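The values are calculated or read from the model by the stated rules, or taken from the named source; none is laboratory data. Keep in mind the model is a prediction, meaning the values are calculated, not measured. Don't worry about glycine lacking a Cβ; one is built from the backbone with ideal geometry, like all the others, and counts go over all protein chains shown.
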Amino acid sequence: MARSLNQVTLMGNLTRDPELRQIPSGQSVCSFSLALNRSYKDASGEWQEATDYVDVVAWAALGERVAQYLAKGRRCLVQGRLQSRSWEQDGQKRNKVEVLANDVTFLDGNTGTEGAAKTSKGDQTATTEEPSGKKDKEDVVIEDISDEPINLDDIPF
């Protein structure tokens, strides 16, 4: 049987603040939604604007970082895979397709928006693997592109 490819890369703005919660096992899960803007020409040749909304889920340390550093309106790049879920609610079967994030890159620097005071200047990346715990370490890359000196007390290791 041939293998399939399930890989998604999205760049957009958060439509709401990330929601961080704990499942009964104690693992963290963060949910947020991205607005993806696009332009296209309609049948008359006029440019039109459209927005698509995509729900994203980030598990464990990645989800905690997203909740800590991102807020409504902030821009980010999400890499992951599509995942579908089914459940029953009020006697009706529900289905949902969402993105399970493997990597989230924070694209906004310290711009003065709510929540931005928590971040350093420059791009930030947080990476994790599946919630199965296959990867023990978390790769966090913070690139400081400012001329300000680095305070060694701010380094977490």
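Yes/no per residue for (1) under 21 Å from Gln7 (Cβ atoms); (2) in contact with a helix residue (DSSP H, G or I) (Cβ under 9 Å, 6 or more places away or on another chain); (3) aliphatic (A, V, I, L, M); (4) at pLDDT 95 or above:
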residue	(1), (2), (3), (4)
Gln48	no, no, no, no
Val57	yes, yes, yes, yes
Leu82	yes, no, yes, yes
Ser86	no, no, no, no
Val99	yes, no, yes, yes
Leu107	yes, no, yes, no
Thr113	no, no, no, no
Ala117	no, no, yes, no
Pro131	yes, yes, no, no
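May I ask you to list the residues in the range 69-80 that are more than 11 Å from Asn13 (Cβ to Cβ) and at pLDDT 95 or above?
Residues satisfying the conditions are Leu77, Val78, Gln79, Gly80.
Go through the range 85-109 and give me each residue that's assigned to a loop (DSSP other than H, G, I, E, B) and loosely packed, with under 10 Cβ neighbours inside 10 Å. Before the answer, list the steps.
Narrowing the range 85-109 to residues assigned to a loop (DSSP other than H, G, I, E, B): 90-91, 107-109.
Of everything in the range 85-109, those that are assigned to a loop (DSSP other than H, G, I, E, B) and loosely packed, with under 10 Cβ neighbours inside 10 Å turn out to be Asp90, Gly91.
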